[in-house]
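In what follows, a single structure is set out as structure tokens and then discussed.
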Amino acid sequence: MMDFRDNSFTGSIPNWIGNLSSLSVLLLRANHFDGELPVQLCLLEHLSILDVSQNQLSDPLPSCLGNLTFKESSQKAFAHLGVVFRSSPIEKAYYETMGPPLVDSMYNLRKGLWLNFTEVIKFTTKNIYYGYTGEILSYMSGIDLSNNNFIGAIPPEFGNLSKILSLNLLHNNLTGSILATFSNLKQIESLDLSYNNLNGIIPPQLTGITTLEVFSVVYNNLSGKTLERKYQFGTFDESCYEGNPFLCGPPLQNNCSEEAVSSQPVLNDEQGDDGFIDMEFFYISFGVCYTVVVMTIAAVLYINPYWRRMWLYFIEDCIDICYYFVVASFRKSSNNFRR
């Protein structure tokens, strides 16, 4: 475990943290770290709790965070026992300094000696700053990236965090849409995406998450209907959706009329794919059809001399009409000017 919480550290998060292969808990909350979140953190195969909230981190989120496996770790369960003395020199130094260990406070575990004191790991989940200790730590997993300046879209790889229990992204500058693949987070209990610039609809696939206890998307730019009130989403009230003026449907006061839903702006490409017309396909089709029509007319005029002559006469008549119209209009305006 590495706990640097509530200090005044500045600069960027050091890359060498990625070399701590046994690290399972990294707490950097409430400092002044800035810059990007180093991708070297993705090398921590045993990492299960990551808290970098309340810093000044920026840049897009590393997509490789979606590759973290969040395996259950028995090492975290022993964090409450404190320091482990594995080598005889350290054990000897302890005896020389502190004297013989008391039976009630020391435990001989084969060749290891464990100090009996409580170390509490604090982590925000379900909107509460919980303290975790003991065996429950082996089951806890989560990422807290809140209260920073992260930008860009939520990486699609975040939909692979199937073992995560808590994901906290609130108070950033994230854009784009909410991932439909969040439905793969089958064990998640707390998902907070509030106070960002997310747009588009809330994916209906999220109703398949039956473990959610806290869900919040407040103060974004979301549109469309709220999620169907079934399973866990039947327990979420208006406070989970507020601050999105284009959202409608229960538990919000805004009713979803057909006119209101159809008049909502298309805010991203993913939502645009569900629209009535795919504009890219429309432009391509229009260009192809226009070219075919022009080439067909040219081919017919080239093959048939009678139609070619008629076409030329028609063009000549149009030119004459335009010419006489311009001349007549010019003379009329000149006469009116003289009067």
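The values are calculated or read from the model by the stated rules, or taken from the named source; none is laboratory data. These numbers come from a predicted model, not from an experiment. With ideal geometry, Cβ positions are generated from the backbone for all residues, glycine too; neighbour counts draw on all protein chains shown. Remember, those area values only see protein heavy atoms, side chains included, never the ligands or the DNA or RNA. Shrake-Rupley method; radii C 1.70, N 1.55, O 1.52, S 1.80 Å.
A few remarks follow.
- Residues that are over 21 Å from Glu213 (Cβ atoms) and either touching a helix residue (DSSP H, G or I) at 6+ places or on another chain (Cβ under 8 Å) or hydrophobic (A, V, I, L, M, F, W, C) (or both) within region 155-175 comprise Pro155, Pro156, Glu157, Asn160, Leu174, listed in sequence order.
- Considering the conditions (1) hydroxyl-bearing (Ser, Thr, Tyr); (2) open to solvent by 60 Å² or more (accessible area, probe 1.4 Å); (3) modelled with pLDDT of 90 or more, Thr226 is excluded by exactly one of them, (2).
- Odd one out for Val25, checked against (1) at pLDDT below 90; (2) open to solvent by less than 10 Å² (accessible area, probe 1.4 Å); (3) of a type in the set (Val, Ile, Thr): (1)
- Answer from Lys92, Lys76, Lys71 - the residue that is surrounded by fewer than 13 Cβ atoms within 10 Å (Cβ to Cβ), charged (D, E, K, R) and at pLDDT below 90: Lys92
- Leu206 satisfies every condition listed in (1) open to solvent by less than 20 Å² (accessible area, probe 1.4 Å); (2) touching a strand residue (DSSP E or B) at 6+ places or on another chain (Cβ under 7 Å) except (2).
- Neighbours by Cβ (under 8 Å, 6+ apart or cross-chain): first from region 242-255, aromatic (Phe, Trp, Tyr); second surrounded by 14 or more Cβ atoms within 10 Å (Cβ to Cβ): Phe246/Asn221; Phe246/Leu222; Phe246/Ser223; Phe246/Gly224; Phe246/Gln264
- Filter result for Ser58 (at pLDDT 55 or above, among the small types (Gly, Ala, Ser) and crowded, with 17+ Cβ neighbours inside 10 Å): no
- Against the list (1) part of a helix (DSSP H, G or I); (2) polar (S, T, N, Q); (3) open to solvent by 60 Å² or more (accessible area, probe 1.4 Å), the condition Asn149 fails is (1).
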